[in-house]
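To start, the structure under review is shown below, and the notes come after it.
The values are calculated or read from the model by the stated rules, or taken from the named source; none is laboratory data. No experiment lies behind these values; they were computed from the predicted model shown. Here the Cβ positions follow ideal geometry from the backbone for every residue, glycine too, while neighbour counts run over all protein chains shown. Side chains are part of the model used for accessible areas, which takes the heavy atoms of the whole protein and leaves out ligands, DNA and RNA. Shrake-Rupley method; radii C 1.70, N 1.55, O 1.52, S 1.80 Å.
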Amino acid sequence: MSQGVHAATEFGVSAVLFDVSRSHVTGIFGKDRIATLPASAFPPATADTQGARLLQRVGIPTGTLWLREPDGDTGRLPLLHDVAETGSFVDAPADAGEWPVIGWLLNAHLALDPVSGKVYAVDTDEETVQGLHADVSSLVHVTVHIQRLLEEFTFSDGNDADEEADFERLERETTLIRHATSSLDPLPFQHDDTVWAVVCDELAAGRRFPGNSPGARALYG
């Protein structure tokens, strides 16, 4: 996925960090593997913000990250105050409770600040609210690259030396993702404990491969 300052022109979205388009994402994963959120899931005042539009029109590949299902009765996403008492959380902005919760990654709720466009990781156990992405295009970018690596990476069918080389190659691939992301958005990998850093570390160690992927078949039989 190319990097740049414009999003998919087919949807009229502009001035984002990474070029992300529906056609590119579906070209990799297929339409059935892409989750989106309807405009009606967002508070009316935020449904037409840049981040909400990207979630509606481009979407996220399912697997490592999951988008939140809107409430069956209201059709709306929960707001952060519905899932966490953020008043005492470390570094939680005053309006954090009004942010829509858009997804889940590892042990963190993902919340979208519609004003700034940033995506935050909210850990209810540690009571922290930390910036994870400068905008939703960055969230799409990282999810696509990590999910694609998990589903397409192949291991050699050889000896221990081949396996060692494979893991070195796998670590290089995760490092490339980190560097390509951090050159435009330092937040996803700003320290070793971000949820994306943990995912990359687990991936490089040979974990998190889907059961039907070449990597899983080589590692687990």
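Given the -39500 (n - 2.57) contribution per DSSP H run of 4+ residues, what per-residue ellipticity at 222 nm results for the chain, rounded to the nearest 500 deg cm²/dmol?
So the helix-based figure for the chain works out to -10500 deg cm²/dmol.
Can you tell me the dipole magnitude for the chain around its Cα centre, using point charges on the Cβ only (Lys, Arg +1; Asp, Glu -1), in Debye to the nearest 20?
For the chain, the charge dipole is close to 960 debye.
Determine the relative contact order of the chain: mean sequence separation of Cα pairs under 8 Å and six or more apart, normalised by residue count, in whole percent.
15 percent
If you take every residue apart from F18 with its C-beta less than 11 Å away from the C-beta of F18, what net charge results, scoring Lys and Arg +1 and Asp and Glu -1?
Net local charge, F18 excluded: -3.
How many percent of the accessible area of the chain is carbon or sulfur, using a 1.4 Å probe?
47 percent
GNM on the chain, C-alpha springs below 10 Å: top fluctuator among F89, F189, F209?
In the Gaussian network model the winner is F89.
State in Å² the accessible area per residue of the stretch 73-128; use a 1.4 Å probe, count heavy atoms of protein chains only, and round to the nearest integer.
48 Å²
For the chain, set up a Gaussian network in which alpha carbons nearer than 10 Å are linked by springs, and say which option among E69, E126, E98 fluctuates the most.
E126
Considering only the other residues whose Cβ falls under 14 Å of the Cβ of K31, what net charge follows from Lys and Arg at +1 and Asp and Glu at -1?
Net of charged neighbours comes to +2.
Specify the residue with the greatest mean-square fluctuation among P61, P44, P100, computed from a Gaussian network of the chain linking alpha-carbon atoms under 10 Å apart.
Between P61, P44, P100, it is P44 that shows the largest mean-square fluctuation.
Given a cut-off of under 8 Å on Cα pairs at least six residues apart, what relative contact order in percent is computed for the stretch 91-221?
Worked out over the stretch 91-221, it gives 21 percent.
Which of the following values of Kirkwood radius over Cα pairs in Å was calculated from the structure shown: [x] 18.1; [y] 17.2; [z] 19.7?
Matching entry in [x] 18.1; [y] 17.2; [z] 19.7: [x].
Which residue, G215, G30, G87, has the largest displacement toward the positive end of the dipole of the chain when charges sit on each Cβ (Lys, Arg +1; Asp, Glu -1)?
Farthest towards the positive end: G30.
Quote the accessible area belonging to W66 in square angstrom, nearest 10, computed with a 1.4 Å probe and with ligands, DNA and RNA left uncounted.
130 Å²
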